[in-house]
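Contents: one structure, followed by commentary.
Throughout, read-outs are computed from the coordinates displayed, never taken from laboratory work. Because the structure is a prediction, the values reported are computed rather than measured. Don't worry about glycine lacking a Cβ; one is built from the backbone with ideal geometry, like all the others, and counts go over all protein chains shown.
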Amino acid sequence: MKYITEYRNKNVSHKIADVINTLVKGYKGKIALMEVCGTHTHSIFRSGIMSLLSDKIEHLSGPGCPVCVTPNEYIDMAIAYSRLPDTIIATFGDMIKVPGSTSSLEKEKASGGKVKIVYSPLESLKIAKKNPEKKVIFLGVGFETTAPLVASTILSAAEEKINNFFVLSGHKLIPPAMTALLESKEINIDGFICPGHVSAIIGEKPYYPIVEKYGIPSVIIGFEPLDLLEGIEMLINQITKNKEPSVENQYKRVVRREGNEQALSLLDKVFDITDSTWRGLGNLTKSGLTIKNIYSKFDAKKQINCKIEKTKENPVCICGEVLCGIKKPFECKLFSKTCTPENPIGPCMVSSEGTCSAYYKFKKE
Amino acid sequence: MKKKQREEDKILLSHGSGGKAMSSLIKKMVVEKFNNYILNELNDSALLPASKDKKICFTTDSYVVQPIFFPGGDIGTLAVNGTINDLAVMGAKPLYLSCSFIIEEGLEMNILDRITNSIKTASKKANVEIVTGDTKVVEKGNADKIFINTAGVGVMQKDFLLSKKKIQVGDKIIINGEIGAHGLAVMSKRENFKTDIKSDCAPLWSLIEQMLSVGGVKFMRDPTRGGVATVLCEIAANADFGIQLHETDLPIHDNVLSFSEILGLDPLYVANEGKVIAVVDKDIASVMLKQMKKDPLGKEASIIGEITKKNTGRVILETVIGGTRIIDRLTGNQLPRIC
């Protein structure tokens, strides 16, 4: 852990914070920085970075939590699958508590639905091999980071000729969401904290056209306190010194300009890029991943029919607006009253990466 | 306003995780119904009146850990140490245990043999006797291998009463060693991760006895389910003081720290089975630490925080980089069936 502790040095943290605070001193107005990654949300709160920085810098959490951006109809579909006989749902733990229109996987599990928590999609393939008489459906949610793993699992299933393994793909791509946010008139973003993990896969290039078109300073940043502080300093430099907005990479020890070619080719092999519905952002063109036709035998949507209930949303829940940084969790009437991590109404309260959950847990007021 | 019970409401795993869901369940289903002055204290053990200068301490706990054998212990050692530690943190010397088994049909006899041997060894080590018990066998599939319930009786020495009410601003918070090992050891075994992490499962009385002899101990708790964070939040809840913790002072083994990083767990919320958190008088803290370090279970003891006048009712953590954040009780289910 020596390697990690060096990125958590108190003295250096304070030095960088001082530099940032001096830079913004003469700046007129607030500076809104948005991250679009659940791990960033979590690290920023967990390390207490914002408590070191000037009030002029505002931290916005964007649609970076995979569970949170997954729309109700996907959850309802997963719930419907979990009610089928001889079916096992394999999923990352976060999805269990997400409320669908009338139920959740956690409740289905308590009523006898077979729901298993896995840490990797490959584990769900193992479950399929162990239970050949059951259909095993893996809930494929997540961005460019998790999708390559799912792609490689589908390829393994094809190679090993496993016929009872399926994926319900709800994978999404981050750059189209960033574009949608910038197109929105409701929100003002002065700079993007670009996601470190997603960038490790996609590299720097996908951000170039965004920065060129919208003139938004963007820095790819890592997750340790010093990463975040250094990256924020780079952003503030671009913003306060009126530099030409550009894509900078603070997280060079992990993110290469061209990304991870092997992972990208896996995505290309297994998935088609299609339109996709995001909670809060609606349907965005070319923002999701659907399993290619040649692998359609693993596509749950195409192979397994079931009746899905009519989607209902809680009209009071403002997760959609929270996800876009338009509103803060405490502006929601449900927040911390009826909606708590114990009894979440909206998905942003479920995942530890969700904005509402982070606000609740670390009580940012 | 009381929430109405709905017919479709069911018990979920999070109702047993030691967090908020469990407290509200206990309040509604246990405290409000069984209501009496001993129970209502909601201590780790019940304090029963015995004589003028002595009190009897009585507690019970059930063990459903899965897997039943894990690095550093098994369900048997846990069933002994878990229960007697609940007595010890009250300041009571554990004396007698009951031990009941609920066994699933088909369990290999040699597994039961191993478990009862562990119980024997653990109770010998802790100097307690198993004096009564019960055995039930249920059909295959109606239990998971074996569940154990133990109840314990101890005697509280002299008129030494630990209480939250004794806590004052300035008091120091001490823990006897590195946190988070038990939960992660069980988890790594269950998920087949290769780590060197061993459960810290151990009987705490001998250490606690020495701590009490130093004096100045105001209150103690063992941070099992829900971890250190949950215990401290319980101490601060509704109190007229706050708690300040220092992240850099938290003793956490490198292995636990890296494993937690990888899995996205916070060691502050991970269960321990051989740890005691003590709130002690500030003037005695360094002497206490010295005394604790002499005991094998207190070698890594350290002061992790203090009682503050500000932030009433809250636990505030000063993070490694000198920022601050609020520590809340565990919500949801970080790791099921770890004890």
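Data for the structure
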item: Potential extension, B:E300-B:K166 segment - 0.36 nm per residue separation minus Cα distance; result: 45.7 nm
item: Total charge dipole magnitude, the protein assembly as shown, about the Cα centre, Cβ charges on Lys, Arg, Asp, Glu only, Debye to nearest 20; result: 960 debye
item: Residue exposure sequence - B:D196, A:D190 - by fewest surrounding Cβ within 10 Å; result: B:D196, A:D190
item: Positive-pole candidate from B:S188, B:N35, A:L23, dipole of the protein assembly as shown, charges at beta carbon; result: B:N35
item: Rule-of-thumb Rg ratio for the protein assembly as shown [Cα; 2.2 N^0.38 Å; N residues]; result: 1.00
item: Pairs from A:K361/B:K20; B:K33/B:K54; A:K213/A:K243 whose Cα-Cα separation, in the structure shown, is over 18 Å; result: B:K33/B:K54
item: Charge dipole magnitude, Cβ of K and R +1, D and E -1 - segment B:21-65, Cα centre, debye nearest 20; result: 140 debye
item: Calculated FRET efficiency for the pair B:T121/B:E41, C-beta based, R₀ 45 Å, to 0.05; result: 0.85
item: Cut-off under 5 Å, modelled amide H: who pairs with B:C57 long-range; result: B:L48, B:G154, B:V155, B:M156
item: A:K205/A:T338 FRET efficiency (R0 35 Å; Cβ-Cβ; nearest 0.05); result: 0.20
item: Relative contact order of segment B:43-156, pairs being alpha-carbon contacts under 8 Å that are 6 or more residues apart, as %; result: 41 percent
item: For B:S24, A:S104, B:S286, order by how many other beta-carbon atoms lie within 10 Å, fewest first; result: B:S286, B:S24, A:S104
item: Summed side-chain charge close to B:I103 - residues other than B:I103 whose Cβ falls under 14 Å, Lys, Arg +1, Asp, Glu -1; result: -3
item: Partner aspartates and glutamates for A:K286 [C-alpha distance under 16 Å; skip if fewer than 8 residues away on the same chain]; result: A:E144, A:E183, A:D268, A:D272, A:D275
item: For segment B:51-95 versus segment B:188-264, the gap between their alpha-carbon centres in whole angstrom; result: 16 Å
item: Proximal aspartates and glutamates relative to B:K172, as straight alpha-carbon distance under 19 Å, when same-chain residues fewer than 8 apart are discounted; result: B:E209, B:D222, B:E234, B:D240, B:E247, B:D249, B:D281, B:D283, B:E300, B:E306, B:E318
item: Span from the segment A:196-247 Cα centroid across to the segment B:112-166 one, whole angstrom; result: 57 Å
item: Beta bridge orientation in chain B: antiparallel %, DSSP, nearest 5; result: 80 percent
item: Low-density loop positions, trypsin sites (Lys or Arg not before Pro), segment B:177-244 - DSSP coil, at most 14 other Cβ in 10 Å; result: B:K194
item: Partners for B:K52 among lysines (Cα-Cα distance below 27 Å; same-chain residues under 8 apart left out); result: B:K93, B:K158, B:K164, B:K165, B:K166, B:K218
item: Gaussian network model of chain A, springs between alpha carbon atoms under 10 Å - residue of A:P121, A:P132, A:P225 with greatest fluctuation; result: A:P132
item: Ranking of A:Y7, A:Y207 by count of other Cβ atoms within 10 Å, fewest first; result: A:Y7, A:Y207
item: Cα Rg over Rh - chain A, Kirkwood; result: 0.98
item: Nitroxide proxy distance, nm - points 7 Å out along Cα→Cβ at A:R256 and B:Q210; result: 5.5 nm
item: Local electrostatic count, B:I304, Cβ distance below 10 Å [Lys/Arg +1, Asp/Glu -1]; result: -2
item: Per-residue HN-Hα couplings for segment B:137-154 [Karplus 6.51, -1.76, 1.60; θ = phi - 60°; Hz; x = Gly/Pro]; result: 10, 10, 4, 3, x, 8, 8, 9, 6, 8, 10, 10, 10, 10, 10, x, 10, x
item: For chain B: rounded, prolate or oblate by the Cα gyration tensor [a/c cutoff 1.5]; result: rounded
item: Selected from A:V118, A:V98, A:V247 as most flexible by GNM, with chain A as the system and alpha-carbon contacts under 10 Å; result: A:V118
item: Debye-sum result for segment A:135-185 in log10 I(q)/I(0), which assumes one identical scatterer on each alpha carbon, at q = 0.15, 0.29 Å⁻¹; result: -0.50, -1.07
item: 14 Å beta-carbon shell around B:M292, net charge (K/R +1, D/E -1); result: +2
